[in-house]
1. Based on this model, can you work out whether A:ALA105 counts as of a type in the set (Gly, Ala, Ser), farther than 26 Å from B:CYS91 by Cα, out of contact with any Phe, Trp or Tyr (no Cβ under 8 Å at 6 or more places or on another chain) and not in a strand (DSSP E or B)?
2. I'm checking my understanding of the structure. Among residues of the stretch B:44-61 that are within 13 Å of B:ASN77 (Cα to Cα) and not in a strand (DSSP E or B), which one is least open to solvent (accessible area, probe 1.4 Å)?
3. From the list A:SER85, A:SER69, A:SER73, pick out the single residue that is in contact (Cβ under 8 Å) with a residue 24 or more places away in the chain, within 28 Å of B:GLN106 (Cβ to Cβ) and surrounded by fewer than 20 Cβ atoms within 10 Å (Cβ to Cβ).
4. Is the stretch A:56-65 home to any residue that is more than 11 Å from chain B (Cβ to nearest Cβ), assigned to a loop (DSSP other than H, G, I, E, B) and open to solvent by 60 Å² or more (accessible area, probe 1.4 Å)?
5. In this structure, is B:PHE69 open to solvent by 60 Å² or more (accessible area, probe 1.4 Å), at negative phi and in contact with a Gly (Cβ under 9 Å, 6 or more places away or on another chain)?
6. Among the residues of the stretch A:97-104, is any within 10 Å of the chain's Cα centre (by Cα), closer than 22 Å to A:SER53 by Cα and open to solvent by less than 10 Å² (accessible area, probe 1.4 Å)?
7. Out of the residues in the stretch B:31-43 meeting the condition of being surrounded by fewer than 17 Cβ atoms within 10 Å (Cβ to Cβ) and at negative phi, tell me which one is modelled with the highest pLDDT.
8. Looking at the stretch B:33-50, which of its residues are in contact (Cβ under 8 Å) with a residue 40 or more places away in the chain and over 19 Å from B:ALA87 (Cα atoms)?
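The values are calculated or read from the model by the stated rules, or taken from the named source; none is laboratory data. Everything numeric in this text was worked out from a predicted model, so none of it was measured. All Cβ positions, even for glycine, are placed from backbone atoms using ideal geometry, and neighbour counts span all protein chains on display. These area figures cover heavy atoms from the full protein model, side chains too; ligands, DNA and RNA do not enter into them. Shrake-Rupley method; radii C 1.70, N 1.55, O 1.52, S 1.80 Å.
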Amino acid sequence: KQEVTQIPAALSVPEGENLVLNCSFTDSAIYNLQWFRQDPGKGLTSLLLIQSSQREQTSGRLNASLDKSSGRSTLYIAASQPGDSATYLCAADPAGSNYQLIWGAGTKLIIKP
Amino acid sequence: DAGVTQSPTHLIKTRGQQVTLRCSPKSGHDTVSWYQQALGQGPQFIFQYYEEEERQRGNFPDRFSGHQFPNYSSELNVNALLLGDSALYLCASSPGGMNTEAFFGQGTRLTVV
């Protein structure tokens, strides 16, 4: 059974720092892994999707990597800004006939001005 | 493209009542999934609809039911509401098939009193 874990649950850093958010999954049989951003009380905004055959994806200041063999994905945020403050969730799309995404509980990120 | 739209955005219901939530998928998407997100947790899969049929169901009681219309929009119905049903309900749309990117709406915040 696929399980997804995100550590730490919360992170507070000064503005301008580069930071890494972690996502671990127990079963390497995945189609892809997605990173999402969620602002308080709001829906989910898709940030990056990495296919199982890819090692990384980049969008602006965001870079996501995927290492299936170790069951890890990281989201790297460069030059953090107060507007990056949000909860970041990762979700694995299991291979096979399972159509549901398997989610981590998220990392709540606070960027201090 | 309006993206995924959900209505209403907020809802307050009394225990024992019934509620209907609505979702319009992103243009070109024929698959709709519903998730429940409790405060501070990752989303939990309720069910997925494809070609007007429930394709997969998560671990939710029969009080939770759904429907997909020929235009691919979807409804989530919850009967006999419990206090524990209070949550953010998220709708995701995607193209049919495996290994596709999910796009989420802004969610419906349901409060049961």
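1. Against the criterion (of a type in the set (Gly, Ala, Ser), farther than 26 Å from B:CYS91 by Cα, out of contact with any Phe, Trp or Tyr (no Cβ under 8 Å at 6 or more places or on another chain) and not in a strand (DSSP E or B)), A:ALA105 does not qualify.
2. The extreme case among them is B:PHE60.
3. Result of the check over A:SER85, A:SER69, A:SER73: A:SER85.
4. Yes, the stretch A:56-65 has at least one match.
5. no
6. The answer is yes, given that some residue of the stretch A:97-104 is within 10 Å of the chain's Cα centre (by Cα), closer than 22 Å to A:SER53 by Cα and open to solvent by less than 10 Å² (accessible area, probe 1.4 Å).
7. Looking at the filtered set, the residue picked out is B:ALA38.
8. Of everything in the stretch B:33-50, just one residue is in contact (Cβ under 8 Å) with a residue 40 or more places away in the chain and over 19 Å from B:ALA87 (Cα atoms), namely B:TYR50.
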